[in-house]
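Would you mind keeping the following structure in view while I ask a few things?
The values are calculated or read from the model by the stated rules, or taken from the named source; none is laboratory data. Since this is a predicted model, take the numbers as computed values, not measurements. Cβ coordinates were reconstructed from backbone atoms using ideal geometry, including for glycine residues, and neighbour counts include every protein chain displayed. Side chains are part of the model used for accessible areas, which takes the heavy atoms of the whole protein and leaves out ligands, DNA and RNA. Shrake-Rupley method; radii C 1.70, N 1.55, O 1.52, S 1.80 Å.
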Amino acid sequence: MARATLNGIEIDYTVSGRGRPVILSHGYGATGRMWDGQRQTLGDRYRLITWDMRGHGQTESPSNPAQYSAEATVADMKALLGSLGVSRAVVGGLSLGGYMSLAFYLAHPEMVDALIICDSGPGYRNAEARNAWNQRADERAGNLEARGLEALGGRSREVREALSRHASARGLAHAARGMLAQRDARVIDGLASILVPTLIVVGDQDTPFLAPCEYMAKKIPGARLEVIAEAGHASNLDQPEAFDRVLVSFLDSLPT
């Protein structure tokens, strides 16, 4: 692991391998360690960058809740890539990390070679649905403030495995309200404008995200949808061999 002070906070990240840069972002409540299996699979073939978002893992957790947002996360991704001398990369992530990868493309399309969106969704166009999502995010934050990190115990696999790696329950609460919660429909409205190769991966048992992933595959021009059998919300952890076959096939297919 390495640390860099970017945008006024210390960000924890890991880089390995050589060749085309690939940055993968984690889901809410997880950390960059959720991609350790893919790091082993890719070896030296690709330059894999993983990191902990603000409020997560060992990255700094600002005390001001106003410092947590999709815009701040996109800015952190851009600053991290810049600090590593990366001007273009394959950008991807799981769940919240997938959503942030879409937001990154819409903000900085010139920096994206391809997208990898796993077990994720593009947000909501309907204000009522968005409000319901945000209410659940606020409930998560409240539970973290009341119970500490043990509030994550019943969550999905990638979250349970990250329990011992988080430095701050309050930071995660701020991240729920500022990063997990959604403010508008910019991402879902921008899907048709995505012009890079896009891989969408979802576990066949990840019921809440099957329809969103199918929707994204239809809306993003030329997107490739892969459904991983017997996998839940963390398809890369539930079925790593099947996930890695899809990942490597996609990366190897990209134009040089």
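How many residues are modelled with pLDDT of 85 or more and within 29 Å of I188 (Cβ to Cβ) when one looks only at segment 160-170? Give the derivation first.
From segment 160-170, those modelled with pLDDT of 85 or more are 166, 168-170; that's our starting set.
Still in the running and within 29 Å of I188 (Cβ to Cβ): none.
Result for segment 160-170: 0.
Is it the case that some residue within segment 43-62 is surrounded by 24 or more Cβ atoms within 10 Å (Cβ to Cβ), at pLDDT 95 or above, in contact with a His (Cβ under 9 Å, 6 or more places away or on another chain) and farther than 28 Å from E139 by Cβ?
Looking for residues that are surrounded by 24 or more Cβ atoms within 10 Å (Cβ to Cβ), at pLDDT 95 or above, in contact with a His (Cβ under 9 Å, 6 or more places away or on another chain) and farther than 28 Å from E139 by Cβ, one finds at least one in segment 43-62, hence yes.
If you take the residues in segment 201-210 that are under 18 Å from the mean Cα position of the chain (by Cα) and of a type outside the set (F, W, Y), which one is most open to solvent (accessible area, probe 1.4 Å)?
P208
Output the residues belonging to segment 211-224 that are under 18 Å from V246 (Cα atoms) and either modelled with pLDDT under 95 or surrounded by 17 or more Cβ atoms within 10 Å (Cβ to Cβ) (or both).
C213, M216, A217, A223
Report every pair of residues separated by at least 6 positions or lying on different chains whose Cβ atoms are under 6 Å apart, first residue within segment 86-98 and farther than 23 Å from L210 by Cβ and in contact (Cβ under 8 Å) with a residue 40 or more places away in the chain, second in a strand (DSSP E or B) and open to solvent by 10 Å² or more (accessible area, probe 1.4 Å).
Close Cβ pairs (under 6 Å, with a partner that is in a strand (DSSP E or B) and open to solvent by 10 Å² or more (accessible area, probe 1.4 Å)) amount to V86/P21; R88/D113; A89/P21; V90/D113.
For A4, all conditions in the list (1) in contact with a Ser or Thr (Cβ under 6 Å, 6 or more places away or on another chain); (2) closer than 27 Å to D238 by Cβ; (3) not in a helix (DSSP H, G or I) hold save one; what is the number of the exception?
With (1) in contact with a Ser or Thr (Cβ under 6 Å, 6 or more places away or on another chain); (2) closer than 27 Å to D238 by Cβ; (3) not in a helix (DSSP H, G or I) applied to A4, the lone miss is (2).
Also, I was wondering about something else. So A30 fits all but one of (1) open to solvent by less than 30 Å² (accessible area, probe 1.4 Å); (2) in a strand (DSSP E or B); (3) aliphatic (A, V, I, L, M); what number is the exception?
Of the numbered conditions (1) open to solvent by less than 30 Å² (accessible area, probe 1.4 Å); (2) in a strand (DSSP E or B); (3) aliphatic (A, V, I, L, M), the odd one out for A30 is (2).
Do you know which residues across segment 43-91 are within 26 Å of E110 (Cα to Cα), assigned to a loop (DSSP other than H, G, I, E, B) and not small (G, A, S)?
D44, R45, Y46, D52, M53, R54, Y68, L84, V86, R88
Could you tell me which of the residues G19, G8 is open to solvent by 10 Å² or more (accessible area, probe 1.4 Å) and modelled with pLDDT under 95? Break it down stepwise before answering.
Details: G8 fails: modelled with pLDDT under 95.
Just one listed residue meets the conditions, G19.
Looking only at segment 132-159, which residues are assigned to a helix (DSSP H, G or I) and either modelled with pLDDT under 80 or aromatic (F, W, Y) (or both)?
First pass over segment 132-159, keeping only residues assigned to a helix (DSSP H, G or I): 132-152, 157-159.
Residues satisfying the conditions are W133, R157, E158, V159.
OK, next. For segment 101-136, what are the residues that are crowded, with 19+ Cβ neighbours inside 10 Å and over 20 Å from A89 (Cβ atoms)?
D119, G121, P122, G123, Y124
State whether the residues of segment 8-23 include one that is touching a residue at least 40 places away in the same chain (Cβ under 8 Å) and in contact with a Ser or Thr (Cβ under 6 Å, 6 or more places away or on another chain).
Yes, some residue in segment 8-23 is touching a residue at least 40 places away in the same chain (Cβ under 8 Å) and in contact with a Ser or Thr (Cβ under 6 Å, 6 or more places away or on another chain).
Could you figure out which of (1) open to solvent by 40 Å² or more (accessible area, probe 1.4 Å); (2) under 20 Å from T41 (Cα atoms) isn't true of V248?
Of (1) open to solvent by 40 Å² or more (accessible area, probe 1.4 Å); (2) under 20 Å from T41 (Cα atoms), only one is false for V248: (1).
Here is a follow-up. Where the second residue is surrounded by fewer than 19 Cβ atoms within 10 Å (Cβ to Cβ) and among the polar types (S, T, N, Q) and the first is touching a residue at least 12 places away in the same chain (Cβ under 8 Å) and more than 12 Å from G121 (Cα to Cα) and lies in segment 182-208, which pairs have Cβ atoms under 8 Å and are six or more apart or on separate chains?
Listed by first residue and then by second, the contacts come to P197/S253.
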